[in-house]
Amino acid sequence: MTILEVRNLKVYYYLYNGVVKAVDDVSFTVEEGEILGIAGESGSGKSTLAHSILGLVKPPGKIVGGEIIFQGRDLTKLSEEDLRRLRGREISMVFQDPNTYLNPIMKVGYQVAEVYEAHQNIDMDKILDRVAKLFKRVRMTDPEKRVGSYPHELSGGMKQRALISMAVALKPKLIILDEPTSALDVTIQLEIIDLLREMRDELNASMIFISHDLELLSELTDKLMIMYAGRVVEYGYTKDVFKDAKHPYTEALINSIKYIRKGLLPTIEGEPPSLINPPKGCRFHPRCPRRFELCDRVEPKPISIAGRIVSCHLYGEEYGEGG
Ligand code: SF4
């Protein structure tokens, strides 16, 4: 069953020097219990996309087109009050840096308790009891004691577990995770990934996991969407994409894993383009090793090939290898 369908979404930022087309005509679906990974360099639009689902894009940003259908309702049409009710209860989010999300002068257990308080009418003792159980479930050490700890008394991994507790407290149908493990060391990252898998199975929740770490996404996700300069360039089952990447940008990202394994800094030649004045034709053409004469003139349309969506002229019926 489809939980979320995003259709032709456009999110633009209106700045004094031009319009940044951060998300430009993006479509995808998330099925029940599925984990969708979204990858791309910084500035590719992946975080804006995640924030727009929860109605968290603030001016000068604006959703200017498209639909976000969550369980039959178009979220772009909901009032701020309806969105507030939805957040936490039906869709929740875990952010990259717990320090910017946790209140430093409030005990973490009480911060998690606020999620219950906002949505359910239960007395505080019972709520704190639930929070302690939740802390135990997300494998916090000494969970009862942690309820009364301040954020600065917790390690990075523990803080992220506290945020995950908040995100799963009300058993939402969709959890959006924006680079939730990038600030953690590898061992803790793996523990958090295991925990997220368990949570998905337990709650049958769907997840959208945003990361620039393709290796991690290959371990965790069912489907993978690669974004470049506000557009989707490749979208399909993770195992297929890793086995046989079609888009030259996806290929370059996957090849960069080999560099990481060798302890080198992965690079793709050139810079990501300006989103105010993106290159004409294919946005990746100035960096693409396989570009040909058509690429700087005509923008490739998404086409279906090998069970996935790819936007590249190499596979267009008229010009490329065909579908
Ligand atoms: Fe490269 Fe052309 Fe494909 Fe763009 S359309 S990725 S420039 S081959």
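The values are calculated or read from the model by the stated rules, or taken from the named source; none is laboratory data. Everything numeric here is computed off the predicted structure, so don't read it as measured data. Here the Cβ positions follow ideal geometry from the backbone for every residue, glycine too, while neighbour counts run over all protein chains shown. Note: areas computed on protein heavy atoms with side chains; ligands, DNA, RNA excluded. Shrake-Rupley method; radii C 1.70, N 1.55, O 1.52, S 1.80 Å.
Pairs needed: first member in segment 111-130, touching a residue at least 12 places away in the same chain (Cβ under 8 Å) and assigned to a helix (DSSP H, G or I); second member anywhere, loosely packed, with under 14 Cβ neighbours inside 10 Å and among the hydrophobic types (A, V, I, L, M, F, W, C); C-beta distance under 9 Å; at least 6 residues apart or different chains.
113/124; 116/122; 130/122
Which residue out of 304, 274 is at negative phi and part of a strand (DSSP E or B)?
The match here is 304.
Specify the residue that is nearest to residue 12 (Cα to Cα); the eligible residues are those in segment 277-289 that are of a type outside the set (S, T, N, Q) and open to solvent by 90 Å² or more (accessible area, probe 1.4 Å).
Checked segment 277-289; the qualifying residue nearest to residue 12 (Cα to Cα) is 280.
Could you grab me the full set of residues in segment 137-158 that are closer than 17 Å to residue 180 by Cα and surrounded by fewer than 18 Cβ atoms within 10 Å (Cβ to Cβ)?
139, 155, 156
Going by what's in this entry, would residue 243 be described as open to solvent by 60 Å² or more (accessible area, probe 1.4 Å), at pLDDT 95 or above and more than 18 Å from residue 296 (Cβ to Cβ)? First the steps, then the outcome.
Working: open to solvent by 60 Å² or more (accessible area, probe 1.4 Å): yes; at pLDDT 95 or above: no; more than 18 Å from residue 296 (Cβ to Cβ): yes.
No; evaluated as a whole, the condition is false for this residue.
Just to be sure, is residue 274 modelled with pLDDT under 95 and either more than 11 Å from the ligand (Cβ to nearest atom) or open to solvent by less than 20 Å² (accessible area, probe 1.4 Å) (or both)?
Yes, satisfied.
All but one of (1) free of Cβ contacts under 8 Å to residues at least 40 places away in the same chain; (2) assigned to a helix (DSSP H, G or I); (3) more than 22 Å from residue 107 (Cβ to Cβ) hold for residue 158; state the number of the condition that does not hold.
Only one criterion in (1) free of Cβ contacts under 8 Å to residues at least 40 places away in the same chain; (2) assigned to a helix (DSSP H, G or I); (3) more than 22 Å from residue 107 (Cβ to Cβ) is unmet by residue 158, namely (3).
Out of segment 215-227, which residues are modelled with pLDDT of 95 or more and open to solvent by 10 Å² or more (accessible area, probe 1.4 Å)?
Answer for segment 215-227, where residues must be modelled with pLDDT of 95 or more and open to solvent by 10 Å² or more (accessible area, probe 1.4 Å): 221, 222, 223.
Which count do you get for residues in segment 290-302 that are open to solvent by less than 50 Å² (accessible area, probe 1.4 Å) and either within 18 Å of residue 245 (Cβ to Cβ) or among the β-branched types (Val, Ile, Thr) (or both)?
Going through segment 290-302 one residue at a time, the tally reaches 2.
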